[in-house]
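This report refers to the structure that appears directly beneath it.
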Amino acid sequence: MRKISSKHLLLLAFLLLLIGASLLFSKKGVSPVVSGKKSTTAATQVQALTMVESARTSFDSPTPNSSAAQDPTAKERRAQRSLETMSRLLAKAFAPNATMEQVIQELAATGQKPFTTRTGDPAAGRLTILRTKSPLPGTRYFHAQYFTDEQGKVFPQHMSFEFKPGPRSMQEAVQAATNNFRLGQATEQKSDFIQWNLDDDYVLWIKKKSAIDLEDDPFNAYDPAKDVGTVQMSVEMKIHGDAHEGHEH
Amino acid sequence: MSGLSTVLSLAFLLTLSVSEASSPRYSWSDTKGFVPLEGCRIAPLSEAPFKVMEAVGTGLAANLISSDGRSSLVVENRSLVKTNKALSKPGLEAVQIVGVPTSASPNHHPTAKVRNQGYLATNALQDLGNYVLEIKAGTPQTRKWLTSSRMTGTFWQLSLENDRPLSLLCSSGGTAKSLILFDVYAANQQEPIAQVGIDPKQISIFEKVQIHSVDEADQVLDSRMENPPENHRQSLVAGGKVPTVSVSSPLETIRNLPTKKEAPEVPALKLSDAKVETKPVAAGKEQTIESIIEDSESDSGEEVDEEEAEETIDSDMEYVVCINEDTLAVRDDSLEEILFRAERNETVLPVQSWDEKDAQKKTIDETEYTFIKVKFPERNGKNIGWLAQEYVRLEGQCPVPKAEKEEEQISTPVIPQGVIKNINSASCCGFPTVKRPNQSYLTGMRRFKAGRSKGRRLHAACDLYRVHGETAVSVAPGKVVNGLYKFYQGTYALEIQHPGGFVARYGELTGKKVSNMGAGKNVKLGQVVGHIGTVNSGCCKPMLHFELYSGTKKGSLSRKGNKFQRRTDLIDPSSHLRKWEKLEFGSGY
């Protein structure tokens, strides 16, 4: 049997050291936070302060280098939790006596940074749009529209969010809706679309978006190369009838 | 509440006009805006609690030192502060920052913001009586009050008598209040248009100010008048001391506007360079605060919801590139390369990615910026890149006005010429699609009042079957009430109020935006309002879902509680559509 020389042992030890070091540094990741600013101006006598901006700036998302972000299983679990959270929020938003303020509070409490815009006037209808700046992982483009009716009552006309594309995204969204809403028989069902009546006023539908569905959205930015298969869950006021009543073709 | 305050203010003003000739008086409330005052008396003060920070000698800033002396923030020159004598120390005044200059450029150091507290050197503080405050756009909370009363851009000066500031002593409900009295000037008036009492605890109106010396303010006001007076306004001439520090006049910034310019990589946003008055007063119109409040009364008929006010922005949900210059660099993912240049007021959509960062920081010229990823929906080809976040704003928040684009008008409808006064006018109206519908809108599920959900609901519209993507047009001149919003199964709607008050909802449009179709925009008969869409369930053909309302009711068109799920002035559009179809296409269904 050939003997292993000390030279080979040293080489082996060095290689092991390299492998160990690379594993160690890859786990640490890179902090996105910029800390510290140097004092450069002579005109003032300000003592430099270390200033740490909030890590969750607008439209921010988890650092891609973190190990949690790289682990697909952990990412999927986070996305599913987000799907459950948002489905539950939609269900609560359309419960009797639910208010827009409660929805805003819930979004704020989950760190999603809600904000609203307002157009129209009391004479012809005021429309308030509610969106968020910092969505939960795996979801995005939360969008709600509230109207103020003749009696001054504020009510939701539309509320939706999107869930990330994936081989099981549509099924997962349907499951989340089933878990959080009291759903009967679907009134319309296809491979990429399903709809239920919630009551006399509202429907819940889930749509797996095709490239055509991603076109010309006035609120949301899409990349057709990446976003086909995005799943949207929406609750909105009815316009058409049920499928069997539908428009003549 | 606002209606009541208007009635009260008018009644008060009528009384006032008989009894004395002085300017009307109001107090400012952070939650209620301008509130008419009565039963107050004037009393001189030894000193007003407001000062202007203007560093003498060394530079353009001073230090706001924390109470423990361990840290400090930079206070920009000509910031407005409130003092607290009780907490002051030798050589140092206890202050709270009330307003910061809107023309401040990015600083290397942490900068004091409104409501920060600390100590400033006594010799850095100047008497407010030597300055005039120009009220700028305001915060989200105060902007609606300032805009509706057209007080944005007015000039405020401490009321003085024998060089002493004046206060209003008012009692209400058993409590006495002392308000600091200000004279308010507008560009086309030589005399104050009002006097406003300020409670030192309710000062959000001053959060966005530009502070001028008295001489500077006179020149700025004169520059906005058609016939400026030869002499200074008597009331703006101060007998007190003139600031000793020579600082760059805001007038230099206003006068030296570049005509057409490409912005540097990341321009400093000098909001003072932008058009200062977003709503200039018509020449010759006497602007008084009561007429302003009266004019705006129809727009603000509801209570301010204090909890909602902070985050609600009066704007379409549309982001624009908000810069003074003509273009701004759009960068690639590394932020190192410039992909193309965005134009001023170009529409952008902030991106929310699934697994990538949508915000990153970069230092340019020793200033750190946050860049966000955006899409330019009006561009073909490469249309996603990175912009500095501070230049991406909601349209309603951008002080740089958007230039009106030429509207697209399909064809002049062949209808009797004449003014359309209401829906029943002989010359009303045009048909909302450019060609006759493919199927009758008077029968089947397309007709008005067709049963839905086994008759539990009724169809509130006529459905006009046409071609996906084809244009829909305005039936009459009017004004957009609500621009494109999500309507049903991936389609959109917008609402236009037409002559005589009747309202039309154009529903089941695609999301493709048409220029000049935002809320508040005027439209012409036949103007393109959108494009006919198709619901995403695949159930139905492309159609324009067309609703009509007489305009005799208030509130949103959609509502719950009746079979139509609509406002109670909903009308059957069938006979009107038949008339318009016959006028335009020669015959009808």
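A Cβ-based charge dipole, computed about the Cα centre of the stretch A:69-243 with Lys and Arg at +1 and Asp and Glu at -1, lands at about 700 debye. Once the cut-off is 20 Å, how many percent of the Cα-Cα pairs in the stretch A:69-243 end up in the long-distance tail? Considering the stretch A:69-243, 54 percent of its Cα-Cα pairs are separated by more than 20 Å. By other beta-carbon atoms within 10 Å, ranking B:Phe546, A:Phe155 with the fewest at the front produces A:Phe155, B:Phe546. In this structure, the pairs whose alpha-carbon distance is over 32 Å, taken from B:Lys521/B:Lys560; B:Lys382/B:Lys521; B:Lys373/B:Lys553, are B:Lys373/B:Lys553.
Sparse packing (at most 14 other Cβ atoms within 10 Å of the Cβ) combined with a DSSP loop state is found for the following trypsin sites (Lys or Arg not before Pro) in the stretch A:128-206: A:Lys153, A:Arg168, A:Arg182, A:Lys190. The value obtained for the stretch A:151-239, namely the Cα convex hull volume divided by the number of residues, is 125 Å³ per residue. Pairs of Lys residues in the stretch A:69-243 that lie 8 or more places apart, or on two chains, and have C-alpha atoms under 13 angstrom apart add up to 10.
Peptide B:315-325 shows a mean partner chain C-beta count of 3 within 10 Å per residue C-beta.
A Cβ-based charge dipole, computed about the Cα centre of the stretch B:319-397 with Lys and Arg at +1 and Asp and Glu at -1, lands at about 220 debye.
Taking every residue in A:144-153 and counting other chain Cβ atoms within 10 Å of its Cβ, the average works out to 6. What the phi angles of the stretch B:561-570 give under the Karplus curve with 6.51, -1.76 and 1.60, with θ = phi - 60°, is a coupling list of x, 9, 5, 7, 6, 9, 4, 7, 9, 4 Hz, glycine and proline written as x.
When only the Cβ of Lys, Arg, Asp and Glu is charged (+1, +1, -1, -1), the dipole of the stretch B:62-125 relative to its Cα centre reaches about 140 debye. Summary of packing: across the peptides B:83-92, B:161-170, B:488-497, B:566-575, the per-residue average of other C-beta atoms within 10 Å ranks them, highest first, as B:488-497, B:566-575, B:161-170, B:83-92. Of the residues B:Val503, B:Leu442, B:Leu484, the one whose Cα sits farthest towards the positive end of the charge dipole of the stretch B:426-503 is B:Leu442 (charges of +1 on Lys and Arg Cβ, -1 on Asp and Glu Cβ, taken about the Cα centre). In terms of other Cβ atoms within 10 Å, B:His545, A:His8, B:His459 run from fewest to most in the order A:His8, B:His459, B:His545. Taking amide H as placed 1.01 Å from N in the peptide plane, B:Val523 has its amide H under 5 Å from the amide H of B:Gly478, B:Lys479, B:Val480, each at least 5 places away in sequence or on another chain.
The calculated pair-distance distribution of the stretch B:319-397 uses every alpha carbon pair, bins of 5 angstrom beginning at 0, and gives 3, 16, 28, 28, 18, 6, 1 percent.
Residues B:Ser315, B:Ser29, B:Ser204 in ascending order of nearby Cβ atoms (within 10 Å, fewest first): B:Ser29, B:Ser204, B:Ser315.
Taking amide H atoms as placed 1.01 Å from N in the peptide plane, the amide H of B:Ile198 lies under 5 Å from those of B:Ile180, B:Leu181, B:Phe182, each 5 or more residues away in sequence or on another chain.
Where a number appears in this text, it was derived from the coordinates with a stated rule and is not lab data. Predicted, not measured: the structure shown is a model, and the values here were computed from it. Every residue, glycine among them, receives a Cβ derived from its backbone with ideal geometry; neighbour counts consider all protein chains shown.
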